[in-house]
1. Calculate for the protein assembly as shown the 222 nm mean residue ellipticity that helices alone would give, adding -39,500 (n - 2.57) per DSSP H run of length 4 or more and normalising by residue count, nearest 500 deg cm²/dmol.
2. Give me the percent relative contact order of the range B:85-224, please, defined on Cα pairs under 8 angstrom at least 6 residues apart.
3. Among the trypsin sites (Lys or Arg not before Pro) in the range B:131-215, which ones are in a DSSP loop with at most 15 other Cβ atoms within 10 Å of the Cβ? Mind listing them?
4. With only Lys, Arg, Asp and Glu charged, each at its Cβ (+1 for the first two, -1 for the last two), find how big the charge dipole of the range A:1-61 is about the Cα centre; round to the nearest 20 debye.
5. Can you give me the P(r) profile for the protein assembly as shown? Cα pairs, bins 10 angstrom wide beginning at 0, each as a whole percent.
6. Need one word for the range B:117-162: rounded, prolate or oblate. Basis is the Cα gyration tensor (sqrt eigenvalues a ≥ b ≥ c); a/c below 1.5 gives rounded, then a/b vs b/c decides.
7. Given 20 °C and 1.002 mPa s, how large is the Stokes-Einstein diffusion coefficient of the range B:3-105 in µm²/s, with Rh as the Kirkwood radius over Cα pairs?
8. Straight distance only, please: which lysines reach the Cα of residue A:181 with their own Cα at less than 22 Å, same-chain residues fewer than 8 apart left out?
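All of the numbers you see were taken from the coordinates with simple rules; none came from a lab. Predicted model only: the values in this text are computed from it and were never measured. Here the Cβ positions follow ideal geometry from the backbone for every residue, glycine too, while neighbour counts run over all protein chains shown.
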Amino acid sequence: MLILESLGKQFDGRAAVDRVTLRVARGQMLGVIGRSGAGKSTLLRMINRLVDPTSGLIRHDDRLVSALKGRELMRWRAACAMIFQQFNLVGRLDVVTNVMLGRLNRHGFLGSMAGAFSAAERAVALQALDRLGIAQTALQRAETLSGGQQQRVAIARALLQEPEILLADEPIASLDPRSSKLVMDALRRINRDDKITVIVNLHDLDIARAYCDRIVGLANGSVVFNGAPEDLDSQALETIYGHDVETGSLLDEPRRPTDFRVWAAA
Amino acid sequence: MASQPPVLPATSSQSLSLFERQLKAQRRDKRLSTLVSLGLFLIVLAWSIEVSGFAPSVLLAGLPRFGEYIHLTLPTLSLENLLANTDTKGSIPYWFFNFRHYVVLLFQTINMAILATLVSFVLGAALSFPASRNLAPNRLTYLLARRGLEIARSVPDLVWALLFVWAFGIGPLAGIVAIIVHSTGALGKLFSEINENIPMSPLEGIRATGASWFQEMRYAVLPQVMPLFLSNVLWRFESNIRQSSVIGFVGGGGIGEELYLVIVRNYYEEVSALVLLIVLTVTCIDLLSAHVRHGLIGKERLA
């Protein structure tokens, strides 16, 4: 169980995240939605401590995450994997090495400086790539892959961390619809099969509805909605996205030619 | 506010004249600052000529003596004996009678440069990470690394050599250590500037896996900067070859010691023989290394 208690982050006196209190049960797939600048990204970055909170607590089981330091903090990050909108792979390294980097936390100083990964680790990395359907790219440089492939490499890297939680910060925001589906399917499969808690930031409402067990809506850094996807009515959407021209179309019928709910059910 | 004239024409003519005024003011300011800096530059130039005693008359008077010295060092070669043995005056072998000795010293000199370059590459690379503003783990290590590299770099290697000759005695060791210290400072600075221009997202990706700072440097930074590091270190190698051939002047080993010896003893012909050898070697290595360097850069562009 991941618990956020009155979690807050100030940037130059402005609250990016404002007193967020949230419980995420083990094995849940939680979607976080909201306009850009609502604090979704900051919230996720605080959970694995890429960003330090300015107030509040983060707990995971009996671990007080918000107080971790040094080696303990690194161990937490290893247990709480993260994937990013821009994939954040090392473009000049080959794919299989990128995936094995998920094991760095278990390597000592000398071994990792020498770049020594074991045959067993290579095997696990290949397995993970195969599971995501991109084993054939293993020896290519990561930067030569398409966006959708790169994001799946990032997921494979996260899998090698054998995490308890997987954070996904706008994982499909720079992908085409087909790649988006592949990535979202992969996230849900990992959530279901490996019992890994997944917290995913999305700005696409239909995708959030189609894939997530529960949805949290953020507006101006605060939680304004927390419930099942089917409770997300037009009134709730108005509190999340506000009422203006830009988001007006969101409240209408789905304007996308592709319906993700059909895909997700497939 | 209440009754505005038709917006477009009024605004455009007004804003146009405002723009013209601002443009004129800007140009005036720029001209003024150019004139002021030019004036300052001339004052400083005049002052430095005064202080250093850089007088064209002395320069002109000295030029013939320059040629005179070169003329003295030139060997007397005779066409009929050009390829005769070392005992015959006027032959090339006579001119280069000490060739074997020179080759041994040249070999030593090149090896000094190679060793010094390798060690300073490793040290400079290691120190460049804490000396990069975007990578340093904290302000203290950043300042320490930065200042350390500055000291190493700002003291010329000949001065370092004097110090190390005093400590380790005359010989290649002092010269090698001197070149290592100076080029570690130079490379560390260059490398840290390369580091400061890399995209940071791979570092974030690695950090999120629970990796340490060292692992971030090793896996997220090093792969990005390595090609640039390599082409810079080759350039440094060329300069270290030149440095290692003069470091012997102060007792740092290599062919410089021999050159110093023949210069102070006025063995004129040997001076020209040695200088010719050094110039040929340095040129060959420069060409070779430039070739490798361009190969590296070219391959990078294609990939």
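1. Value at 222 nm, helices only: -19000 deg cm²/dmol.
2. Details: 149 pairs, mean separation 35.5, N = 140.
With pairs under 8 Å counted, the relative contact order is 25 percent.
3. B:133
4. Working: 10 positive and 5 negative charges, 31 e Å.
With only Lys, Arg, Asp and Glu charged at Cβ, the dipole is about 140 debye.
5. Over the protein assembly as shown, the share of Cα pairs per 10 Å bin runs 3, 13, 17, 17, 14, 13, 11, 7, 4, 2, 0 percent.
6. Here the range B:117-162 falls in the oblate category.
7. This corresponds to a translational diffusion coefficient of 98 µm²/s.
8. Within reach: A:40, A:195.
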